[in-house]
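The values are calculated or read from the model by the stated rules, or taken from the named source; none is laboratory data. Quick caveat, the model's predicted, so the values are computed rather than measured. Cβ: placed from backbone, ideal geometry, glycine included. Neighbour counts: every protein chain shown. What goes into the accessible areas is simple: the full protein's heavy atoms, side chains included, and nothing from ligands, DNA or RNA. Shrake-Rupley method; radii C 1.70, N 1.55, O 1.52, S 1.80 Å.
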Amino acid sequence: MRKWICIFVALIAVTAHAKVRLPQFFSDGMVLQQESECNIWGWIEPGKRVSITTSWDKKCHMAQANKDGRFGVTVKTPKAGGPYFIGFKDKDYVQVSNVMIGEVWICSGQSNMEMLMKGYKAQPVEGAAEELLSCNDDGLRLFYGKRRASLEPQQDLAGTWQPANAASVREFSATAYYFGKALRKTLDVPVGLICTAFGGSACEAWMKADWLKAFPKVKQTITEEDVKKLQQRCPTALYNGQLKPIIGYGIRGAIWYQGEDNVPRYDYYAPLMARMVQGWREDWKHTSGKAQGNFPFYYCQIAPWGYDETDWALYNSAFLREQQEKVESTVPNCRMAVLMDTGIKDVIHPRKKRQAGERLAILALSNTYDVKGLPDFAKYKEVSFQNDTAVVSFDRSKEWVYFENGSTSKNFEVAGADRVFHPATKVWISRNRLYVICDEVKTPVAVRYAFKDFVVGDLMHDGLPVSSFRTDDWEPTPSHVSKTTGDYNNPK
């Protein structure tokens, strides 16, 4: 019966005047999420009907364009495999070929997510040349969305799907690539990555105006002039230009690497980012149903950098790292990859993008795909004080914490009731407890680890770094005052 309906509609469509138009991410080489209900949409003349055929099940789906010319259907996808095709028929026939079914992830954030495998000018990605020699993989498909800040929500995201090879990987997010490569190797299914990032972007730029109402410090009245002037730092501009077009596309989850731009506004970053994640999930649930309403969200903690030597009016960036760590404690199905050992004092873009991507993959494989045997990130739990000694314990640390380069560390500070911090004079680990003594502080009340702008983290667990932390909750003071502001995330 469906076959005759499709033929009937195809005959009627002969009188149509407009050809089916699809978003650019619905194109040859695309990847659809496996074993899911995936949305497929496009545009044609208002009121016109389109037949859509999916080759994996040979089913014909009918769709009618609304008054704005948009049509859409939801199709069920099988287990990973391919290649398949999707046919669209009205007056003409449009076919999307070489479609793979597998795992799809959104990859977003600012410059450290956007940073291509080829690096920035005089800022290379470590190991890029060697990786490009062996990156050919038709089962790893890459879609790199072009930058666009917009006052109004857009319908499409410019870009093309490419299989992983030296040419495409060189021009793709290094962090996202290493994430996808690890998934491919472990899961042995096609993987599709949609990267939509913008260097120097603020978290606020990736959020709807309604979500920002809870944050009075964020400007709410946005004009076209604001978008032109602020671009990636303009609230809502990147949600409208780079995220809204792909909302509803079938995905497994999202990875995120952002935060540097929000260091001066660290004080409300945790609830801000939590609201962003909630908002993304709400939008996907509204367009894709309950199954994708609570998709996993994994993100990188920003790496240490020498903020204290810039002109920016910044507080200690460790407070932003602390805010980032709070997010995974308040948002379900959300975890953070720590990068304390990857920073460079004079460069805000760490070269070790393999570590960033693979650590995100560890979180995804362990928590989303239930792969056993992978390490986890230990985190500070609590402190107790025994006379002049602080005793620190940790969560998620079955294998015990240790120091990367010996039996002690110079990254600890201790304060007494006067709230003045002094370098620790003795630090050691026994079993899974860390002990700290400072000769200048006879009665300690607070301990801090690596709580500075730049530091090389050396506290580890099972091969992974532990985040910087503090045991106090004292209000911070500015570390320095700026004379100017600049775009340190988007070098020329």
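Quick look at the numbers
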read-out: With Cα atoms, 0 to 90° folded angle of helix 318-330 axis to the chain main axis; value: 60 degrees
read-out: Cubic angstrom per residue, convex hull over Cα atoms of the stretch 128-287; value: 129 Å³
read-out: Residue-normalised accessible area of the stretch 67-203, expressed per residue, 1.4 Å probe, Å²; value: 39 Å²
read-out: Stokes-Einstein D for the stretch 201-340, Kirkwood Rh over Cα pairs, 25 °C, 0.890 mPa s (µm²/s); value: 156 µm²/s
read-out: Largest-first principal axis extents of the Cα set of the stretch 226-305 (Å); value: 38, 30, 18
read-out: Crossing angle, helix 269-288 versus the chain [Cα axis fit, 0-90 degrees, rounded to tens]; value: 20 degrees
read-out: Surface accessible to a 1.4 Å probe, residue 371 within the full protein complex, Å²; value: 40 Å²
read-out: Heavy-atom surface of the stretch 249-394, accessible at 1.4 Å and reported per residue (Å²); value: 34 Å²
read-out: Point-to-point label distance, residue 92-residue 55, nm (Cα→Cβ direction, 7 Å offset); value: 2.0 nm
read-out: Surrounding net charge for residue 79, when Lys and Arg each add one and Asp and Glu each subtract one, Cβ distance under 13 Å; value: -3
read-out: Alpha-carbon centroids, the stretch 66-105 and the stretch 420-470: separation in whole Å; value: 54 Å
read-out: Value of D in µm² per second that Stokes-Einstein yields for the chain, Kirkwood Rh from Cα pairs, at 10 °C (1.306 mPa s); value: 66 µm²/s
read-out: Pairwise label distance in nanometres, residue 21 with residue 138, each label 7 Å out on the Cα-Cβ vector; value: 3.3 nm
read-out: Carbon/sulfur fraction of accessible area - the chain, other protein chains in place, 1.4 Å, %; value: 50 percent
